[in-house]
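So the structure is just underneath, and the comments pick up after that.
The values are calculated or read from the model by the stated rules, or taken from the named source; none is laboratory data. As the structure is a prediction and not an experimental result, all values here were calculated from the model. All Cβ positions, glycine included, derive from the backbone under ideal geometry; neighbour counts span all protein chains shown. All accessible areas refer to the heavy atoms of the entire protein, side chains included, with ligands and DNA or RNA removed. Shrake-Rupley method; radii C 1.70, N 1.55, O 1.52, S 1.80 Å.
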Amino acid sequence: MRKPASRFCEGVSEQLWVRRTLRALLASSLELLVGPLSGGASAEPKFTVDDSSFKCMQDMTPVRHFYVDNLLGGLKETVAVAQAGKGDYPEGSVLQLMPNEVMIKQAKGFNPATRDWEFFYIDVSPEGSKIYKRGFADVNNRLGLNCFTCHVKARPEFDFVCETDHGCDPIPVTRAMFGALQRADPRCKNQPPMSAEDQEALKQLGEIVKALTSKTN
C-alpha cells in the first residue's frame, strides 16, 4: 500500500526547516503503522465516516488539552462528558489529541471490545484530510503505539479515554508537544508564524519519533 505524501506544515512558508522537520516526523510516524491484528466483530455503522468528517482541530471544541466534536449534532452532550472527565460518551462523539489521530464513538453495540470507539489515523494537508487507516485493534499512533492496547487499560468509568490518571500507560509526549501539533494543523486557515517554543517542542518530538522508528528497523 502506497503511503500518502506528508505536508504537515506547508502553511508556515517562511520557516523551511520547520516544514522539513514536520514532513519527516509525519513520514516516520506513518512508517510505524503495522499490519492488521484481530479487531473482533462489529456491526454496520449508523452513520458514515469519510474524509469529509474531519476538520481543522481549532474549529472543534477545546476541553483541557484535547478537542471534541460530535458528528450527529450532540456536541453539548459530548462536551459535558469531556468536561466531567468521566462517563460514557454519546454516539457520534469525536475526540482528538493530535491532528493525525482520531477516536469516533459509533452506535451502541458496534464493537463491544472497544466500547464502540473506532480509531482513525489520517493524513492531513492544506487540502484537507484523508483516512490512512481505521479500525479497532489494528491502528497505531504516530509513536508506533497500538491505540487499542493503550486505551483498553483505561478504567471503565473513563469510557476507553486515556488521560494521565485513567490507568493507561504513559506516552513520551509532553503537553507542549501536543499543543504545538494542534496549532500547526495545516488544515487551519490563516495560521500565524510558528513560535520558537512550538518549533523547539516539535524538534524534540521529532527526535522521539526518530528514536522509536530506529528500534523497529
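Miscellaneous remarks
- Any hit, the stretch 127-140, residues being within 21 Å of D165 (Cβ to Cβ), of a type in the set (V, I, T) and open to solvent by 30 Å² or more (accessible area, probe 1.4 Å): no
- Within the stretch 31-63, considering residues that are assigned to a loop (DSSP other than H, G, I, E, B) and at pLDDT 95 or above, the one surrounded by the fewest Cβ atoms within 10 Å (Cβ to Cβ): D50
- Options A201, A211; residue that is touching a helix residue (DSSP H, G or I) at 6+ places or on another chain (Cβ under 9 Å) and either outside any loop (DSSP other than H, G, I, E, B) or surrounded by fewer than 16 Cβ atoms within 10 Å (Cβ to Cβ) (or both): A201
- Some residue of the stretch 90-108 being open to solvent by 60 Å² or more (accessible area, probe 1.4 Å), assigned to a loop (DSSP other than H, G, I, E, B), under 16 Å from F160 (Cα atoms) and touching a Leu at 6+ places or on another chain (Cβ under 7 Å): yes
- Test: residue in the stretch 164-182 that is in contact (Cβ under 8 Å) with a residue 12 or more places away in the chain, under 21 Å from L71 (Cβ atoms) and touching a strand residue (DSSP E or B) at 6+ places or on another chain (Cβ under 6 Å): no
- Of everything in the stretch 152-180 that is assigned to a helix (DSSP H, G or I) and open to solvent by less than 30 Å² (accessible area, probe 1.4 Å), the residue that is modelled with the lowest pLDDT is F178.
- Matching residues in the stretch 72-89 - criterion: being surrounded by fewer than 20 Cβ atoms within 10 Å (Cβ to Cβ) and touching a helix residue (DSSP H, G or I) at 6+ places or on another chain (Cβ under 6 Å): K86, G87
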